[in-house]
Each structure stands twice: as C-alpha cells, then as structure tokens.
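First comes the structure, then the notes that go with it.
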Amino acid sequence: MSKDMQPLVSLFRVGISIHNFNKKSEEKIGLSLVQWCLLEQLIDMPGTSAQVLAKSVGVHPSTLTQTLKRLEKKGLLYQAEDPKDSRKKIISITKDGKHAMERIASQMSDWSMCFAPVSNDIRRLNSVLQDQVNQST
C-alpha cells in the first residue's frame, strides 16, 4: 500500500476501534455509545420528535429508528403519538432510563477522562470528516 494512503488506512482502523468500543460498551454497561447519547439528549429534551432528536445527535433518522426500538424494548424510553400530528411520535426517557443513566454515570465519566487528552484531536477529526461528508453530498 502506498504511503499516501496511510491516512485512510488509519481512519479505517479508528472506525473499527470505535465500532469495537461501542460493542464493548453495550456488553459492559448495557448501552452502546449511540444509545447513551440518545438518552442524554432525551434527558435534556423530554417529549421531543424523532426528527429533532436525530438532528441534535447527528444521526440519520433511519439509524435512529432502530436504536429507538432497542431502547424501547429495554424499557428505557417510550414513544407516544403526537397529539398535534398522529403521523409523528413524541419520545421521552422513562424512569428506568434515568436510573440506567445514573447507574452508568461513573463509568461514562471514567471513559470520558480517558479521551480527554485527545479531545481536541477528536474534534478536529470530526470536523474534517463532516467537511468530507458534506462535500460528497
């Protein structure tokens, strides 16, 4: 492989590592990072729509749908019909969801501290990736 392709290979490896960390997170604490992030948003934005939630977290609505189903099955959130528009759902975190978030807060804080030394690098990488995604569409 040519040397000029190394950044893409490194990016691929970072993606795989994030995927594996996400799986390990779900095994260890019962939530993937995506699920945790969604529940964090629901604490701050109770009774929100799927579209607003997807946008605030930065995931595609179709990705959100599957994650919401998993969290609802775990009893950590619920979805109800929007009284203003029956085609839409209102999403809220449950008491069990809040308890789960309290239970894992210490572990999430520990993990966050592990990534603190590279947080500026992560933000820069995310910015470059977002720019590339936006240029591609």
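Considering the Cα positions of the range 33-136, please state its Rg to one decimal place and its Dmax as a whole number of Å.
Computed over the Cα atoms of the range 33-136, radius of gyration and Dmax are 15.5, 46 Å.
Roughly how big is the chain's charge dipole about its Cα centre, with Cβ charges of +1 (Lys, Arg) and -1 (Asp, Glu), in debye to the nearest 20?
The dipole magnitude comes to about 260 debye.
Quick one: angle between helix 61-73 and the longest Cα principal axis of the chain, in degrees between 0 and 90, rounded to 10, please.
60
For the chain, set up a GNM with springs between Cα atoms under 10 Å and report which of VAL59, VAL34, VAL118 has the largest fluctuation.
VAL118
Taking 7 Å along the Cα-to-C-beta vector as the label spot, tell me the ALA116-PHE12 distance in nanometres, rounded to one decimal.
Distance between label points: 3.5 nm.
Which of ILE122, ILE16, ILE29 moves the most in a Gaussian network model of the chain with Cα springs under 10 Å?
Highest fluctuation among the options: ILE122.
Quick note: the coordinates plus some simple rules give every number you see, no bench work behind them. Fair warning: this is a prediction, and the values are worked out from it, not measured in the lab. For neighbour counting, all protein chains shown are included, and Cβ atoms are generated from backbone atoms with ideal geometry for every residue, glycine included.
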